[in-house]
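These notes concern the structure reproduced below.
Quick note: the coordinates plus some simple rules give every number you see, no bench work behind them. Treat the numbers as computed from the prediction; the structure is a model and nothing was measured. Every residue, glycine among them, receives a Cβ derived from its backbone with ideal geometry; neighbour counts consider all protein chains shown.
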Amino acid sequence: MAYTIKINGAAHTVDVDGDTALLWILRDVLGLTGTKFGCGVGQCGACTVLMDGKPLRSCSMPISALATAEIVTIEGVTGREADAVQKAWIAHDVPQCGYCQSGQVISTIALLKEIRKPTDDDIDLAMNGNICRCGTYVRIRAAIHDAARTLAT
Amino acid sequence: MRGSFLWVALCVGAAGALAMLVLYDREISPAFSQEALRPANSFARITDVRTRSIALFVEAGKVLQHPRCVNCHPSTERPRQTDSRRLHLPLVVRGADGHGAPGMRCTTCHHSDNFDSAGIPGNEHWGLAPQSMAWEGRSLGQICEQLKDPARTGNRDLAAILKHVVTDSLVLWAWSPGRGRNPAPGTNAQFGELLRGWAESGAHCPTP
């Protein structure tokens with residue numbers, strides 16, 4: 001069946017089964033491979049994208065349920081929060097292997113849009129669903145605080 | 001002799017592998033199993049009204065205390081998962097409105113319907129019951145008193161509760177929980193009739 005979905009500001013029509021997860025539309029149909037497959041069951045956060053500005057595990061969302069939602073992937077993030085996060089991520093040299101990082105960055109942008117100056121507890125609650133096997137959590141937390149300081153200026 | 005030893009070793013190894021396979025299968029895909037409910041009219045033979053009322057509630061309690069219901073009526077800030085009622089993974093909390101913390105809302109993973117391909121349950125109202133309606137760790141008598149107290153049920157009286165349990169789509173979800181989850185006992189209609197019979201017989205509660 002054909003579905004028209006809005007990804008990074010552009011409409012795309014794809015012909016797939018209704019129970020195809022958004023993750024596989026992004027990666028296999030549209031070639032947006034910045035969004036990663038980690039677990040496929042909503043446990044790791046590697047596939048996180050923004051849906052109407054809120055974080056979404058794209059492995060959990062069948063295309064038939066997307067309707068008119070606007071999806072933003074790591075390839076399409078823009079704005080003050082994205083710039084601040086990118087700067088902080090580079091300054092703190094956050095990634096190690098990098099596999100989980102698009103999900104970490106997306107979740108951070110969503111958190112900073114909602115809470116301008118998150119506490120450690122805010123960060124833990126918002127980010128604990130994004131797993132990093134390299135254990136870069138300390139640098140992630142420091143970079144989030146750094147990005148928040150940038151946004152406050 | 002050596003052949004016998006090899007044969008025993010092979011058998012033991014095969015049995016071990018089979019056990020691991022069964023345990024693995026049970027973990028990711030438990031066998032479908034549903035407890036039955038006694039129909040409400042089967043309690044009519046109990047002549048003492050108070051005893052009948054309590055018996056009806058105890059039967060309905062098989063639903064109220066089933067993991068499909070209790071897991072999202074936690075006494076802490078954290079919901080539980082599976083029939084073993086382990087804490088929800090990843091870590092999520094009730095939040096200010098019962099739908100999670102900023103940046104980690106229920107809708108990060110749960111949508112309007114079950115998504116069996118990813119093993120993720122869903123409903124348009126997905127969220128936790130308020131703290132005042134926590135059932136985890138409570139006795140049936142305590143749950144019964146909660147249900148009769150509008151201060152704890154969001155100002156729902158018994159009539160509203162009886163309507164809620166047979167019309168709210170998240171309550172109904174307990175009987176259609178998606179692949180790999182055992183549904184609540186009986187049917188939603190049976191559950192509704194049991195609670196109606198309990199209310200009509202005086203809404204007496206078991207001893208807390």
Task: Unsatisfied cross-links (Cα-Cα over 18 Å) in the set A:Lys54/A:Lys87; A:Lys6/A:Lys54; A:Lys36/A:Lys113 - done: A:Lys54/A:Lys87; A:Lys36/A:Lys113
Task: Low-density loop positions, trypsin sites (Lys or Arg not before Pro), the range B:33-89 - DSSP coil, at most 15 other Cβ in 10 Å - done: B:Arg45, B:Arg85
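Other chains' Cβ within 10 Å of A:125-137 residues: what's the mean? Please list the in-between numbers first.
Working: counts 9, 7, 3, 8, 8, 3, 1, 0, 0, 0, 0, 0, 0.
The shielding value for this peptide is 3.
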